[in-house]
Amino acid sequence: MWPDGRVARAPGFPRQAGHWLAPMNHNFLRLTRILRSLSLLGLEAEAQALLAALENLYQGGAEEIIGARTLAFWRGAVTPAR
C-alpha cells in the first residue's frame, strides 16, 4: 500500500496473476475474508484500497474471470456490519 492509500500492482503482476486469477479460484474466497477482516478490525481505509484495486482489475478486463457475483461478495465484505 502506498502512503497515499493506494494498492498498486507489482512489476511482476501479469506473470504472477496467472497463478491465481482463474475462474472459480479458491483465492477469491480468501480475498473476501481479508476484506471482511480488515473492515472488522477497523482498517476501513485499507479494505477500501484493496477493494478499489480488485474493482480496477475486474473493470480492466477480468470481468469474465472474476464474475459479477464474486465482485458483489467483495463489495459486501467491506460494508460495515449493522
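The values are calculated or read from the model by the stated rules, or taken from the named source; none is laboratory data. Everything numeric in this text was worked out from a predicted model, so none of it was measured. Neighbour counts run over all protein chains shown; Cβ positions are idealised from the backbone, glycine included.
Would you confirm whether any residue within region 33-44 is assigned to a loop (DSSP other than H, G, I, E, B), without any contact (Cβ under 8 Å) to a residue 40 or more places away in the chain and surrounded by fewer than 12 Cβ atoms within 10 Å (Cβ to Cβ)? Walk me through it before giving the result.
Narrowing region 33-44 to residues assigned to a loop (DSSP other than H, G, I, E, B): 41-43.
Keeping just the survivors that are without any contact (Cβ under 8 Å) to a residue 40 or more places away in the chain gives 41-43.
Okay, now just the ones that are also surrounded by fewer than 12 Cβ atoms within 10 Å (Cβ to Cβ), so 41-42.
Yes, the conditions are met somewhere in region 33-44.
Give region 6-32 a look and list any residue that's among the polar types (S, T, N, Q) and part of a loop (DSSP other than H, G, I, E, B), or say none.
Initial filter on region 6-32 (among the polar types (S, T, N, Q)): 16, 25, 27, 32.
N25, the sole residue that qualifies.
Residues to consider are L21, L57, L51; find the one that is surrounded by 12 or more Cβ atoms within 10 Å (Cβ to Cβ) and at pLDDT 95 or above.
Values: L21 fails: at pLDDT 95 or above; L57 fails: at pLDDT 95 or above.
The match here is L51.
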